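Here the structure is laid out as C-alpha cells; the discussion comes afterwards.
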Amino acid sequence: MGSFISMKTHLETKALFAGYNPADNHGAVKPPIHPASTFVFPSAAIGAAHMETAYGVEGAETPPEGGFIYSRLGNPTLNVAETRLAAWDESEAAAVFSSGMSAISTTLFAWTGSERALWYVGPLYGGTQHIVDDILPSMGVSVRKLESLDELALMGEEDGLPGMIFLETPANPTLQVHNIKTATDWAKARTSDDHRILVAVDNTFLGPILQRPLELGADLNVYSATKYIGGHSDLVAGAVSGEREAMAKVFEYRTFLGGMADPHTSWMLARSMETLAIRVERQSRSARQVLDHLQKTPGTPIKEINKIFSAWAEDLAGSGDYKSAGIAQAQQVNGGGMFAMELPGGRQAAFAFLDALQHFKLAVSLGSTESLAEHPASMTHAGVPSEEKLRHGITEGLVRLSIGLEHPKDLIADIDNALKASWDVSKAHEARLEQV
Ligand SMILES: Cc1ncc(COP(=O)(O)O)c(C=O)c1O
C-alpha cells in the first residue's frame, strides 16, 4: 500500500476494528473464535511465571507479554472484545462479563467493603438495587442513598467518606439525568493517597457513542452490554471500562468470581461493536422523530398522553426542567433511543396500548435492532416497593419504549394506532368514574 499522510483519525475509524489484526490469522478479515479453556505453556518456567504472577506470589518471574493461561483469566476472543470496547471508550482497560449484573456486582464487590461505604443516587436498575439494598449490607458494607447528587455539597465530617459513588444516568425507566461532574468533582477533591473515592457510572442507556463518563472524570463505566453494545437481543453480557488501577481490582475480582464472558459471546460482541455507532445514530434520530410526533411542542404531549419521560434536552427544557436540560446538553450527545410515556387510564390503558402494537415487540430489555415496549410497573420494576415506584414516576399507566431500526414512519403509525386503543380504554374508564 502507498504511504498514508498522517492526520487525526476519528474515533469510528480507530475503534471499528480495534483488537484484531488480520495478519495474525492468515489474513482472515474477521477474528476466529478461540473456544479453548486452557493454553499450552512453552515451558514449565514460563508456566510458573504466568501462574505465580497471576496469584501475586512474591518474587515471581515476569512472564512474556501476551500469553494466555486459562480462559477464566483471559482468552484471545475475550481480548478482542475488551480491546475494542476500550477503544470505543478511549479507556485504559475494559473487562467483558457474562452479564451486566456480573459486571456491576463484581465492580461493587471489588471497590466497596467494611471500610469503603457505597453512596448511590437512585433510581437504579432493579438488579443493582437488590445488591445495594440486600447483598452489600449483609456483607458489612454501609450503603447510603442520596436523593440527588446535590446532597454531596451538604455533607460534613460526620458523614464520613464513601469508597464509591454509583449512579445511573439516564436512569431506568424514567430517564432521569444526573450530573456526572458533580459526583466526580466532589470525589476528586476528597480522594487521598490513603482513600481513593471512585465514581462508577452505569452508562447502559446511552452507551459509549452518546455519553462519555470517563471524559467527565468517572473512574469506571459499567454497562449491560446486552443492550446497545450487543444490540441485537441475541446475547447477554456486561462490561466495565476505565482507569488502569481501578480496572486492575475489577479484573482480580472477576478472576475469582468467574464472571467473564465466554468466547462465543465475546466474538458476537466484538462484531456488534462494528455497527454500534450507526445503530445508535439511527435509533436516536428515529426516537427524535417519534418524540416530535407525540408532542405539540417539546415537553407538551398530545392529548392521548399524560406525560413523556425523555432524556432529550429540548423535551426536558420544554417541560420546565431547565436544570436537567442543562445537564443533558452538557454531558450527552443527544437523548438516545429510549423514552417512556404515561397514559391516562392506568394499567388497563397501558395494557391496551401494548397489546395493540404491531411493529414493537412486547418484551423487556432495550437497545436492540427491533423496537421494544414494556410496562415497567408490572414487568422490569415489578419488585420495586409501591411507594418507591410512585416516587420515581413508575405509575400503572407508564409504558417504556426502545426505538429500533425500523422505518420511523412505521413506528409512528404503530404508536398512533395503539394510542387509539389506549384512549378508548381511558375514555371508558373516565365515563365509568363519572357514573359513580
Ligand atoms: C441500566 C441497566 N443496568 C444493568 C442491567 C443489567 O444487565 P443484564 O441484564 O445484562 O445483567 C440492566 C438490565 O436491564 C439495565 O437496564
Within region 204-217, considering residues that are more than 15 Å from the ligand (Cβ to nearest atom) and touching a helix residue (DSSP H, G or I) at 6+ places or on another chain (Cβ under 8 Å), the one farthest from residue 339 (Cα to Cα): 217
For region 282-315, give me each residue that is of a type in the set (Phe, Trp, Tyr) and either touching a residue at least 60 places away in the same chain (Cβ under 8 Å) or closer than 30 Å to residue 35 by Cα (or both). 309
Among (1) open to solvent by 10 Å² or more (accessible area, probe 1.4 Å); (2) farther than 15 Å from residue 126 by Cβ; (3) of a type outside the set (Gly, Ala, Ser), the one test that residue 388 misses: (2)
Return yes when residue 166 is over 14 Å from residue 119 (Cα atoms) and either within 14 Å of the ligand (Cβ to nearest atom) or in contact with a Leu (Cβ under 6 Å, 6 or more places away or on another chain) (or both) and no when it is not. no
Hey, does region 123-130 have a residue that's touching a strand residue (DSSP E or B) at 6+ places or on another chain (Cβ under 8 Å), at pLDDT 95 or above and among the aromatic types (Phe, Trp, Tyr)? no
Out of 279, 254, report the one residue that is in contact (Cβ under 8 Å) with a residue 60 or more places away in the chain, within 19 Å of residue 408 (Cα to Cα) and surrounded by 22 or more Cβ atoms within 10 Å (Cβ to Cβ). 279
Can you name the residue in region 192-202 that is of a type in the set (D, E, K, R) and open to solvent by less than 60 Å² (accessible area, probe 1.4 Å) and, of all such residues, is nearest to residue 161 (Cα to Cα)? 196
Members of region 55-88 found to be closer than 21 Å to residue 215 by Cα and away from the ligand (no atom under 16 Å from the Cβ), listed by number: 82, 83, 84, 86, 87, 88
Matching residues in region 228-243 - criterion: being surrounded by 24 or more Cβ atoms within 10 Å (Cβ to Cβ) and either of a type in the set (A, V, I, L, M) or near the ligand (Cβ under 10 Å from one of its atoms) (or both): 229, 230, 237, 238, 239, 240
For region 109-119, enumerate the residues that are buried (at least 22 other Cβ atoms within 10 Å of the Cβ) and free of Cβ contacts under 8 Å to residues at least 60 places away in the same chain. 112, 118, 119
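If only one of 183, 189, 246 is open to solvent by 10 Å² or more (accessible area, probe 1.4 Å), among the hydrophobic types (A, V, I, L, M, F, W, C), over 28 Å from residue 403 (Cα atoms) and not assigned by TED's automatic domain parsing to the domain that holds residue 381, which one is it?
None of the other options fit; the residue is 189.
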Test: residue 428 is open to solvent by 10 Å² or more (accessible area, probe 1.4 Å), in contact with a strand residue (DSSP E or B) (Cβ under 6 Å, 6 or more places away or on another chain) and either modelled with pLDDT under 95 or more than 30 Å from residue 215 (Cβ to Cβ) (or both): no
Please tell me if residue 420 is closer than 26 Å to residue 146 by Cα, at pLDDT 95 or above and among the basic types (Lys, Arg). no
Inspect all residues belonging to region 287-302 and state whether any of them is aliphatic (A, V, I, L, M) and open to solvent by 50 Å² or more (accessible area, probe 1.4 Å). no
Scope region 28-69; condition within 32 Å of the chain's Cα centre (by Cα) and of a type in the set (Asp, Glu); matching residues: 65
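Return the residues of region 147-162 that are surrounded by fewer than 19 Cβ atoms within 10 Å (Cβ to Cβ) and within 22 Å of residue 180 (Cα to Cα); say none if nothing qualifies.
Result: 147, 148, 150, 151, 153, 154, 155, 156, 159, 160, 161.
Of the residues 201, 177, which is more than 11 Å from the ligand (Cβ to nearest atom), of a type in the set (Val, Ile, Thr) and in contact (Cβ under 8 Å) with a residue 24 or more places away in the chain?
Matching residue, one of 201, 177: 177.
The values are calculated or read from the model by the stated rules, or taken from the named source; none is laboratory data. Note that this is a predicted model, so its numbers are computed, not measured. Cβ atoms come from the backbone with ideal geometry, glycine included; neighbour counts cover every protein chain shown. In case anyone asks, the SASA skips ligands and DNA or RNA and just uses the protein heavy atoms, side chains included. Shrake-Rupley method; radii C 1.70, N 1.55, O 1.52, S 1.80 Å.
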